[in-house]
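K.L.:
Starting off with a structure, shown below.
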Amino acid sequence: MTTKKQQVLNKKRPIMILGCTSDAGKSLIVTAICRLLANRGVKVAPFKAQNMSNNAAITEDGLEIGRAQYLQALAAKATPSVLMNPVLLKPSAETFSQVIVNGVVNNEVSRLPWMDRKSLLWKEVQYALQRLQDDYEQVIIEGAGSPAEINLRAGDIVNMSVALECQADVYLVSDIDRGGSFAHLLGTWACLAPEEQKLIKGFVLNKFRGDPLLLGNAMDWLEEKTGIPTVANLPYYRHQLPEEDSFRLGSQWQRGKINVALIYYPYASNLDEFDPLLYQDDVNLVPVHQNIDLTRFDALILPGSKNSGVSLSFLSSTGLDKQIQQFQRTGKLILGICGGLQILGKTILDPFHIEDGDKQGLALIDLHTEICDDKSTRQTTINWLGNSIKGYEIHHGKTIRDAALEHFIAADSGWQQGNVYTTYVHGLFENKVFYNWFMKHLGGLENGFEWADHLDNELDKLAEMFAEHGWL
């Protein structure tokens, strides 16, 4: 039997991954370490004190966390929990973000200026971090942006404040593919206080392409300046895992493929749920954010939105609203998910001014939505077409129909009218049965697979890459 004293001795100092810039690769490195250690039998958990993203996930107990931390928990073979991401910021306007605290919207904190939030949020960060340290052998922490942002240090609850709180072993990452890595690493280190510099255990070059000999003695030079070694040179790694808060733009209509237009309006959210379409050779998913003729596409998707009213205004200002209405007259399939459901309806009422006020929708389905103060967040399992499919809901709106519409996917959360299909359920394409249903309607190959199995395989491959090139 393992004694309590032995359990304490098995605990290790948290590992923290910081970046010189945003998009340096922190999230992916944390994910890799979580799976690597989990495969070695370590009880490991991810942690990010505060994330900013409109890609969110719902835990088993109906609470909201960042999609990146949800994936990192799966990599760690741990149950996703709000302890892993106690604060989530979801941008819904140019200068406003909804603040999710411990998985629930906190309107009081949301209204506060950025720099005034620390006194309320820091205690939640401390509690979550301590709980994870108590429950797991190893905690892998992700920072946000850069710790060298001097103007934000007074309100910091995610970078060096966390590192000092738990005396983490910190590794500083730079994206060498962008250039300037050694200046970034040296400059970031120089911006830290002496007690913070002491926590830095190593520098990491990430996304390297080319001949390592081209680095010359630059790493020795950096160590002479700082006393800190460069512990890893990670290659540019192509993967099929969800992106934290970005989407792959730039695709165009391609002859010989099933072409699906994804309307990419402002505050589009949870776009990672369409990844199963991105990685099929016979499907071409094209994000559309300007006025083009949509009728040549085989299907049209309106995704979720953190602000359906602003997204609607964008469609009107660009003329995409008319293009979508013209596409509907072709009889081809239109799918609206969550915010997309609301936009396709007749009206969006916003009595609490949570979004952008009352709006007239595209009126392609006889639905009316009222944006409510209460937020619906839950995982769901649905019996559909004789199969069990999994998804999740995450929305403020309550929608009613003003005609006898046919239910779609689940009663009272999705409806169909002609060639327009709508649902509040996210994550449908991650289920083989839904993917095949969608492709059958488009005349494509019914070659879907369970996305969860695909992700698990991708996580193992990522861990193998890190085992070869990392420092653990």
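The values are calculated or read from the model by the stated rules, or taken from the named source; none is laboratory data. Small disclaimer: the values here were computed from a predicted structure and weren't measured. Glycine gets a Cβ as well: all are built from the backbone with ideal geometry, and neighbour counts include every protein chain shown. Just the protein is used for accessible areas: all its heavy atoms, side chains included, with ligands, DNA and RNA removed. Shrake-Rupley method; radii C 1.70, N 1.55, O 1.52, S 1.80 Å.
K.L.:
I need the shape label for region 1-140. Rule: rounded when a/c is under 1.5, else prolate if a/b > b/c, else oblate, with a, b, c from the alpha carbon gyration tensor.
P.N.:
On the way: a/c = 2.01, a/b = 1.67, b/c = 1.20.
Judged from the Cα gyration tensor, region 1-140 comes out prolate (a/c at least 1.5, a/b above b/c).
K.L.:
Just name one of Ala38, Tyr136, Trp114: the one whose Cα is farthest towards the positive end of the charge dipole of region 22-137 (beta-carbon charges, Lys/Arg +1, Asp/Glu -1).
P.N.:
Ala38
K.L.:
Please compute the modelled spin-label separation between His353 and Lys257, points set 7 Å along Cα→Cβ, answer in nm with one decimal.
P.N.:
4.5 nm
K.L.:
Same structure, new question: Report the charge-dipole magnitude of the chain in Debye, nearest 20, computed about the Cα centre from +1 at each Lys and Arg Cβ and -1 at each Asp and Glu Cβ.
P.N.:
Working: 44 positive and 56 negative charges, 86 e Å.
The dipole of the chain has a size of about 420 debye.
K.L.:
Considering only protein heavy atoms and a 1.4 Å probe, what is the carbon-and-sulfur percentage of the accessible area of region 137-287? Kindly include the intermediate steps, with their values, before the conclusion.
P.N.:
Details: 3100 of 6390 Å².
Accessible surface attributable to carbon and sulfur in region 137-287 totals 49 percent.
K.L.:
Sorted by mean Cβ packing within 10 Å, highest first, what order do the peptides 256-269, 351-364, 102-115, 422-435 take? Intermediate values should be presented prior to the final figure.
P.N.:
Working: 256-269: 20.6, 351-364: 17.4, 102-115: 14.0, 422-435: 23.0.
With the highest mean Cβ count within 10 Å placed first, the list reads 422-435, 256-269, 351-364, 102-115.
K.L.:
Let me ask something else. Which ³J(HN,Hα) values in Hz, rounded to whole numbers, follow from the phi angles of region 142-149 under the Karplus curve 6.51 cos²θ - 1.76 cosθ + 1.60, where θ = phi - 60° and Gly and Pro get x?
P.N.:
After applying 6.51 cos²θ - 1.76 cosθ + 1.60, I find 10, x, 9, x, 9, x, 8, 7 Hz.
K.L.:
I'd like the antiparallel share, as a percent to the nearest 5, of DSSP beta bridges with both residues in the chain.
P.N.:
Working: 36 of 81 bridges.
The antiparallel proportion sits near 45 percent.
K.L.:
In addition: For the chain, what is the accessible area per residue in Å² when the probe is 1.4 Å? Intermediate results must be reported in sequence, preceding the final value.
P.N.:
On the way: 19990 Å² over 472 residues.
The answer is 42 Å² per residue.
K.L.:
Quickly work out the Arg13-to-Tyr236 label distance, labels modelled 7 Å from Cα along the C-beta direction, and quote it in nm with one decimal.
P.N.:
If labels sit at Tyr236 and Arg13, their model points lie 3.5 nm apart.
K.L.:
Taking the 0 to 90 degree range and rounding to the nearest ten, how far is the long axis of helix 451-469 tilted relative to the main principal axis of the chain, both from C-alpha atoms?
P.N.:
20 degrees
K.L.:
Between Asp220 and Gln197, what is the spin-label point distance in nm, taking each point 7 Å from the Cα along the Cα→C-beta axis?
P.N.:
2.3 nm
K.L.:
Using 0.36 nm per residue of separation minus the Cα-Cα distance, give me the extension gain between Lys43 and Glu446 in nm, one decimal.
P.N.:
Working: separation 403, 0.36 × 403 = 145.08 nm, distance 3.85 nm.
Going from the current span to full extension adds 141.2 nm.
K.L.:
Let me ask you something else. Treating the beta-carbon of each Lys and Arg as +1 and of each Asp and Glu as -1, no other charges, what is the dipole magnitude of region 66-166 about its Cα centre, to the nearest 20 debye? Spell out each step's value before the answer.
P.N.:
On the way: 9 positive and 11 negative charges, 42 e Å.
I would put it at about 200 debye.
K.L.:
Another one. Using 1/(1 + (r/R0)^6) with R0 = 22 angstrom and r between the beta carbons of Ala154 and Phe96, what's the FRET efficiency to the nearest 0.05? Before the final figure, lay out each step's value.
P.N.:
Working: r = 21 Å, r/R0 = 0.94.
Result of the calculation: an efficiency of 0.60.
K.L.:
Please report, in debye to the nearest 20, how large the charge dipole of region 1-154 is about its Cα centre when each Lys and Arg carries +1 at its beta carbon and each Asp and Glu carries -1 there. Walk me through the intermediate numbers first.
P.N.:
Details: 19 positive and 13 negative charges, 136 e Å.
I would put it at about 660 debye.
K.L.:
What number results when the radius of gyration of the chain, computed over Cα atoms, is divided by 2.2 N^0.38 Å?
P.N.:
Against the compact-globule rule of thumb, the ratio is 1.02.
K.L.:
Could you point to the residue in Leu89, Asn102, Ala168 farthest towards the positive end of region 75-210's charge dipole, with +1 and -1 charges on the Cβ of Lys/Arg and Asp/Glu respectively?
P.N.:
Leu89
K.L.:
Sorted by accessible area with a 1.4 angstrom probe, largest first, how do Asp23, Asp460 fall?
P.N.:
Numbers: Asp23 100, Asp460 45 Å².
Ranking Asp23, Asp460 by accessible area, largest first, yields Asp23, Asp460.
K.L.:
Here is a further query. Would you please put 154-163, 367-376, 214-223 in order of how densely packed they are, using the mean number of other Cβ atoms within 10 angstrom per residue and starting with the highest? Mind showing how you got there, number by number?
P.N.:
Details: 154-163: 20.8, 367-376: 17.5, 214-223: 13.3.
Packing order, densest peptide first, comes out as 154-163, 367-376, 214-223.
K.L.:
Mind listing the long-range amide H neighbours of Gln98? Cut-off is under 5 Å, sequence gap 5 or more, other chains count too, H placed in the peptide plane at 1.01 Å from N.
P.N.:
Lys90, Ser92
K.L.:
Just to verify a number: FRET efficiency for Ser317 and Ala190, C-beta to C-beta distance, R0 = 56 Å, to 0.05?
P.N.:
0.80
K.L.:
Of Ile343, Leu262, Pro303, which is farthest along the charge dipole of region 226-380 in the positive direction, counting Lys and Arg as +1 and Asp and Glu as -1 at C-beta?
P.N.:
Leu262
K.L.:
Convert 20 °C to kelvin, take the viscosity as 1.002 mPa s, use the Kirkwood radius over C-alpha pairs of region 158-257 as Rh, and evaluate the Stokes-Einstein diffusion coefficient in µm²/s, rounded to a whole number.
P.N.:
Details: Rh = 15.8 Å.
For the chosen part, D equals 135 µm²/s.
K.L.:
Residues of region 308-334 with amide nitrogen under 18 Å from the 7 Å Cα-to-Cβ point of Gln290?
P.N.:
Residues passing the 18 Å test: 314-324.
K.L.:
Still on this structure, I have one more. In what sequence, highest mean first, do 25-31, 178-184 appear when ranked by Cβ atoms within 10 angstrom? Working shown, then result.
P.N.:
On the way: 25-31: 26.3, 178-184: 16.6.
Per-residue mean Cβ counts within 10 Å order the peptides as 25-31, 178-184.
K.L.:
Same structure again: Percent of accessible area on region 381-427 owned by carbon and sulfur, 1.4 Å probe?
P.N.:
Details: 990 of 2060 Å².
Accessible surface attributable to carbon and sulfur in region 381-427 totals 48 percent.
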